[in-house]
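The values are calculated or read from the model by the stated rules, or taken from the named source; none is laboratory data. Keep in mind the model is a prediction, meaning the values are calculated, not measured. Cβ placement follows ideal geometry from the backbone for every residue including glycine, while neighbour counts extend to all protein chains displayed. Areas reflect the complete protein model, heavy atoms only, side chains present, ligands, DNA and RNA absent. Shrake-Rupley method; radii C 1.70, N 1.55, O 1.52, S 1.80 Å.
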Amino acid sequence: MARLVVDPVNRIEGHLRIEAQLEGGKISDAWSSGTMFRGIEMILQGRDPREAWIWAQRICGVCTMVHAIASVRAVENALQIEVPDNAHIVRNLIAGSQMVQDHVIHFYHLHALDWVDVAAALKADPAKTSQIAQSISDYEKSSTTYFRGIQQRVKGVVDSGQLSLFASGYWGHPAYKLPPEVNLLAVAHYLEALAWQKDFIRIHAALGGKNPHPQTFLVGGMTTAMDPNEPAAVINPDTITFLRDLAKSARKFVDQVYIPDVLAIAPLYSDWFSRGEGLGNFLCYGDYGSSGANDPSSFLFPRGIVMNHDISKVLPVDPGKITEAVDHSWYEYSGGNGNGKHPSVGETNPKYTGPKPPFEQLDVDKKYSWLKSPRYDGKPMEVGPLARMVVGYAAGQPEIRAAVNGALKALNAQPAVLFSTLGRIAARALETQIMAKHLEDWVDELDNNLSHGKTAIFNPVRWDPSTWPDHAAGYGWHEAPRGSLGHWVEISGRSIKNYQAVVPSTWNAGPRDGQGQRGAYEASLLNTPVADPDRPLEILRTIHSFDPCIACAVHVLDANGRRFTLPNVR
Ligand code: NFE
Ligand code: MG
């Protein structure tokens with residue numbers, strides 16, 4: 001039977017190859033492979049733990065600062081440092097705005113074109129698009145003239161023969177189901193979102209100095225000095241006004257554009273509420289405490305586990321039950337693979353044993369990916385927006401329950417539809433809406449602290465390494481846009497002895513483990529019909545619904561920081 005190969009999967013970060021076995025027009029088995037070796041993990045060894053975050057956030061340029069947060073939290077945990085409330089709030093604002101921007105970019109720029117046929121937008125009647133737009137939202141850019149202008153822009157691109165950013169689509173594929181007018185609406189919002197996200201992420205310029213990779217983190221707090229009377233302070237009343245305006249713009253864009261678009265497009269693809277289901281096991285470390293907060297009881301996204309789709313109970317997360325296996329990954333562990341290693345004693349010893357190029361298929365019975373296989377209590381888990389919404393829903397978090405119930409009502413659907421490709425897309429949109437609202441709340445909290453002279457933002461208690469114990473170990477968790485992220489650090493003799501990152505896309509995109517259990521991507525492709533094996537759009541739909549980032553997922557480096565020359569497996 002035919003083996004389908006999609007390599008590289010585009011509109012993602014990093015290098016991902018999917019191989020799928022096709023039987024009777026459906027996918028009977030699938031393999032997910034990270035095909036590029038890169039890395040950061042080992043470069044951290046021997047460094048000052050206070051600077052780990054600067055290196056760690058270079059793991060990725062898409063989720064950028066999430067590795068900085070996980071890193072400072074890991075070192076703060078190891079050295080037992082409490083950070084001031086303002087530092088929590090500023091971190092929430094930086095991370096929350098990252099999540100909102102990242103999710104908007106994912107929906108419009110990385111995923112929408114799997115559902116939206118740009119070429120078909122040319123056949124639309126702009127007056128009808130205008131009617132549809134006004135029936136689903138109050139967004140002001142909704143006139144016939146506006147949509148006609150968008151159509152002219154698209155026509156100009158198509159007529160030029162240089163499709164540029166639209167060049168590699170499967171245009172005309174029979175799986176595209178939207179009426180031309182909805183395609184035009186979505187293309188218009190693709191362009192709007194491109195402009196909006198660029199403007200919005202100036203939040204990072206204000207609070208982090210730059211984007212990507214904000215520069216204001218510190219072990220013990222943040223460098224963003226607060227002073228109500230000092231124009232030169234990073235956080236002063238003018239900054240608050242600026243942040244508040246951007247937070248409001250996020251709320252408006254998400255409420256008036258992103259959410260209505262998802263709710264309008266989803267019913268036109270209702271088959272996808274029962275495809276792409278995946279593992280049914282969900283892990284959420286939880287995050288975004290209210291001020292004062294690494295306290296899980298205050299998390300906006302609750303910590304917990306849901307197994308086998310059973311939303312009647314939420315299981316606790318035991319950090320001791322996390323392991324990474326390398327049975328099917330191009331690494332070797334001292335003492336053999338065993339049942340995987342806990343990240344506190346994790347190892348990163350690369351050893352490529354795959355086929356030499358050119359080759360047609362990976363040797364999937366052996367090792368076939370640069371990603372490790374993270375497991376919880378020996379089980380593969382899905383992480384990410386869907387995991388957050390499922391765990392939050394099952395835990396009874398009121399905001400999450402209201403958001404999910406509202407969407408299910410609008411779609412006239414039952415909670416079971418969450419376990420699907422479209423469920424992943426809807427969950428991402430809903431958490432963006434929740435997050436956009438909280439950005440404003442955090443700006444208010446910061447404003448309140450500022451005006452009451454509560455300006456502490458850095459705790460220097462352990463800044464001097466002579467106050468450290470000879471040996472310390474800790475971990476830091478964060479809910480990054482793509483899911484649960486953990487960094488583990490071991491500090492010895494005042495420098496880093498070992499550093500391990502277990503990353504969301506590694507959980508989701510990792511290969512099989514020693515028991516042959518599939519990872520989340522692999523499981524999600526099973527039973528998916530493929531209409532045209534030469535243009536496997538259906539594979540992209542489900543894989544993109546996870547928002548892959550393989551740069552994050554493979555993040556290791558030669559122990560001496562040298563560049564590797566390894567066979568190019570693409
Ligand atoms: Ni490179 Fe990342 C996020 C992290 S991915 S994008 O979100 O951590 O797995
Ligand atoms: Mg790792």
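Observations
- Most tightly packed first, judged by the mean number of other beta-carbon atoms within 10 Å of their residues, the peptides 88-99, 237-248 read 88-99, 237-248.
- Global geometry of the stretch 216-302, whether rounded, prolate or oblate, following the gyration tensor of its Cα atoms and the 1.5 cut on a/c: oblate
- Base-10 log of normalised Debye intensity for the chain (one unit scatterer per alpha-carbon) at q = 0.08 Å⁻¹: -0.52
- For the stretch 349-439, the average shadow cast by the Cα convex hull is 9.9 nm², which is a quarter of the hull's surface.
- Environment charge of Ile54, counting only residues whose C-beta is closer than 12 Å and scoring Lys/Arg +1, Asp/Glu -1: +1
- Between Arg3 and Ala225, the FRET efficiency estimated from the beta carbon spacing at R0 = 56 angstrom works out to 0.45.
- HN-Hα J in Hz across the stretch 164-176 - Karplus 6.51, -1.76, 1.60, θ = phi - 60°, x for Gly and Pro: 6, 5, 9, 5, 9, x, 8, 4, x, 4, x, 7, 6
- Cut-off 13 Å between beta-carbons: net charge of the residues surrounding Pro385, Lys and Arg +1, Asp and Glu -1: -2
- For Ile27, the amide hydrogen comes within under 5 Å of the amide hydrogens of Asn527, Thr528, Val530, counting only partners 5 or more places away or on other chains and with H modelled in the peptide plane.
- Per-residue Karplus couplings for the stretch 346-358, computed as 6.51 cos²θ - 1.76 cosθ + 1.60 with θ equal to phi - 60°, are listed in order as x, 9, 10, 10, x, 8, 7, 10, x, x, 7, x, x Hz, Gly and Pro entered as x.
- Of interest is the spacing of the C-alpha centroids, which for the stretch 452-508 and the stretch 228-300 amounts to 24 Å.
- For the stretch 114-184, the Kirkwood estimate of the hydrodynamic radius, built from every pair of different alpha carbons, is 12.6 Å.
- Listed by number, the DSSP H helices of the chain that run 27 Å or longer by alpha-carbon position along their axis and have mean Kyte hydropathy of at least 0.0 are 85-105, 180-200.
- FRET efficiency estimate (nearest 0.05) - Cβ-Cβ, Lys409 to Lys155, R0 30 angstrom: 0.20
- Here is how the number arises for the chain: DSSP H runs of 4 or more residues each give -39500 (n - 2.57), the sum is divided by the residue count, and the result at 222 nm is -11000 deg cm²/dmol.
- Straight-distance candidates among the lysines for linking to Lys321, with alpha-carbon spacing under 29 Å and chain neighbours fewer than 8 residues away dropped: Lys313, Lys341, Lys351, Lys366, Lys367, Lys372, Lys379, Lys497.
- Accessible area of Lys26 in the full protein assembly, 1.4 Å probe (Å², nearest 10): 100
- Under 24 Å from Lys141, Cα to Cα: lysines that are on another chain or at least 8 residues apart: Lys123, Lys128, Lys155, Lys198, Lys248, Lys252, Lys437
- Label-point separation in nm, Asp29 to Asp532, each point 7 Å along Cα→Cβ: 2.9
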